Every structure is written in structure tokens, then in C-alpha cells.
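Structure first, commentary second.
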Amino acid sequence: MKILVINPNTTASMTAHIGKAARAAASPGTQVTAINPVHGPVSIEGYFDEAMSLAGLLDAIRRNPDCDAIVIACFDDTGLDAARCLTDKPVIGIGEAAYHFASMISNKFTVVTTLARSVPALEHNLARYGLDVRCARVRSSEVAVLELEQPGSNARQKISAEIGLAIGEDRAEAIVLGCAGMASLAADLAAEHGLPVLDGVSCAVKLAEAMAGLNIRTSRLGGYAPPPPAKLAGVFPTVAS
């Protein structure tokens, strides 16, 4: 089985970090390929960055058809609906995957994300997925995405402190880490705080394996119907040819 993991930002070091987490979660025999676009924002922190990353993300999907499932490794689930129009293979967003996993192991969960500007997008997604009633709160740790990559930063301490507040104030029974760059922290933070801490990359990889293994495909009817070939050729001329 081949799973394509796409980091929609252009920071290669974060892509390597995400790829490592994805391979650790994957089953033996699953081949994980982690990539990022060449052009786009270096990090995705809010609506503007999401919009600027879409062209590179969709082009990466078009250029890498040899896979059984795709994981979009941005917690905003950047471009998820558009990506599902490009392929009938399962396309899993790490945010949606983690929310569903958390809803099955807890009555209420809290999301701990990066900056405050990212909070509304995550709240909108939770409402769209019908899981806002299961989420106690979306909290910002005020850790910039690229700060997670900096040696010696206090990012982990800030995230841990926010988890402590979520347990005490939100009565959270599980925590969802709201950034792909936090993937390596989940197990350590779960042990520290004594509750499940979910990393969306791992959740999405396991869900992608399950859907591909069951040969579940994305519907080609209605909203996820593929774009007309002429329109694809106009947007992706080198790929279409």
C-alpha cells in the first residue's frame, strides 16, 4: 500500500518531521512518501496562508498519482474538498481524522493549536463535521508553526501548559494537537498529563490505510464530481499533456 502525505507548506524540514511521524504510525508494508509544494507559504496560520497554499497542494496531488490514499498534513484540512475532486482515492485531512478519533474515546475533547488566528478556521471545520458539540474548546498556545522547528524553543512547555488548563478549565477528557508540526509530542504529553493526546498525522495515516484496504473510494457524484478535462488542462497544462 502506498500513502502520499502532503505538507501544504514549503518548509522541507517540517515535511521530514511529518514523514517520520507518518512512517512510525504506518503498518509494515505500507510505503509512505512525504512531499511539499515548491511554491507557497512557509507555514499555514490562518485563512490567507490556506488560500495561498492551494495551487501548490493541488498540483502536488496531480503530479503524484501513484498512491492508494492521500493525507493532507495541515490541521486546517487545507484544500480537502478540492483535493477530493481530483481523485477517487481516499483523501484524509489530519484535522478531520483526529476529531473523529477523539470523539470515539472521550465525551469532550479540547484542541490545542498554534496561534489565535488559526482558531476560527478550526472551529468552522468542527461545526462543518458536526463535531463542535463534542469539542469543549479550541485553545491557542501562541506557538508559531515554525517555532516548533527551532532548537531550544519553549514551544513544548507552552503546549503542555495549555493542556493543563484544558484539563482543569474545560474538563477535557482527551486532547487533540492542532498542528502537524506537533506530531512527535503526543506520546510524551499523554504520559505527562494522564489522558489521551492525539496527533492528527498518525490518526490520518491509520484511517487512510483502513479506507484503502477496504477499497473505499471518494464519490464521483455531486460535490466531489471531477472537474471537466478542459478545465483541468487549462489549470494544469503540463500535467494534462
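The values are calculated or read from the model by the stated rules, or taken from the named source; none is laboratory data. Every value quoted in this text rests on a predicted model; they were computed, and no experiment measured them. Cβ: placed from backbone, ideal geometry, glycine included. Neighbour counts: every protein chain shown. Just so you know, the surface numbers come from the protein's heavy atoms only, side chains and all, with ligands and any DNA or RNA stripped out. Shrake-Rupley method; radii C 1.70, N 1.55, O 1.52, S 1.80 Å.
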Query raised in the report: lysines near LYS20 by alpha-carbon distance under 17 Å, same-chain residues fewer than 8 away left out - which ones?
Result: LYS2, LYS206
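Mean projection of the alpha-carbon convex hull of the stretch 113-241 over all orientations, in nm²? Write out the running numbers ahead of the final one.
Details: hull surface 45.8 nm².
Averaged projected area of the stretch 113-241's Cα convex hull equals 11.5 nm².
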Query - Å² of accessible area per residue within the stretch 8-115, as computed with a 1.4 Å probe and no ligands counted - result: 38 Å²
Query raised in the report: What is the helix-to-structure angle for 12-25, meaning the angle in degrees between its Cα long axis and the longest Cα principal axis of the chain, kept from 0 to 90 and rounded to the nearest 10?
Result: 80 degrees
Query raised in the report: So which GluC sites (Glu not before Pro) in the stretch 156-219 end up in coil per DSSP with only 14 or fewer other C-beta atoms within 10 Å?
Result: none
Query raised in the report: Tell me, what is the FRET efficiency for ASP88 and LYS20 to the nearest 0.05, using R0 = 25 angstrom and their Cβ-Cβ distance as r?
Result: 0.30
Report summary line: Label model pair VAL133, ASP170: point-to-point distance (7 angstrom along the Cα→beta-carbon line) in nm is 1.9 nm
Report summary line: A student asked for the Cα radius of gyration and Dmax of the stretch 1-159 in angstrom ought to give 15.4, 43
Report summary line: One would report the Cα pair-distance distribution of the stretch 181-241, bin width 10 Å, in %, as 18, 22, 26, 21, 11, 2
Query raised in the report: Once phi is turned into θ = phi - 60°, what whole-Hz ³J(HN,Hα) does the Karplus curve with 6.51, -1.76 and 1.60 give for every residue of the stretch 126-140, x standing for Gly and Pro?
Result: 4, 5, 5, 7, x, 10, 5, 6, 9, 9, 5, 5, 9, 10, 9
Query raised in the report: For the residue pair SER219 and ALA187, what label-to-label distance in nm results when each label sits 7 Å from Cα along the Cα-to-beta-carbon direction?
Result: 3.9 nm
Query raised in the report: Label VAL42 and ASN64 with points 7 Å out from Cα along Cα→Cβ: what is the distance between them in nm?
Result: 2.2 nm
Report task. For the stretch 182-241, with all protein chains present and a 1.4 Å probe, just round the carbon and sulfur fraction of the accessible area to a whole percent. Result -> 66 percent
Report task. Quick one: what are the phi-derived ³J(HN,Hα) couplings along the stretch 34-46, Karplus 6.51/-1.76/1.60 with θ = phi - 60°, whole Hz, x for glycine and proline? Result -> 10, 9, 9, x, 7, 10, x, x, 6, 8, 10, 9, x
Report summary line: The percentage of the accessible area of the stretch 3-68 (probe 1.4 Å, all protein chains present) made up of carbon and sulfur atoms, to the nearest whole number, is 59 percent
Query raised in the report: Which angle between 0 and 90 degrees, to the nearest 10, do you get for helix 200-213 versus the longest principal axis of the chain when only C-alpha atoms count?
Result: 40 degrees
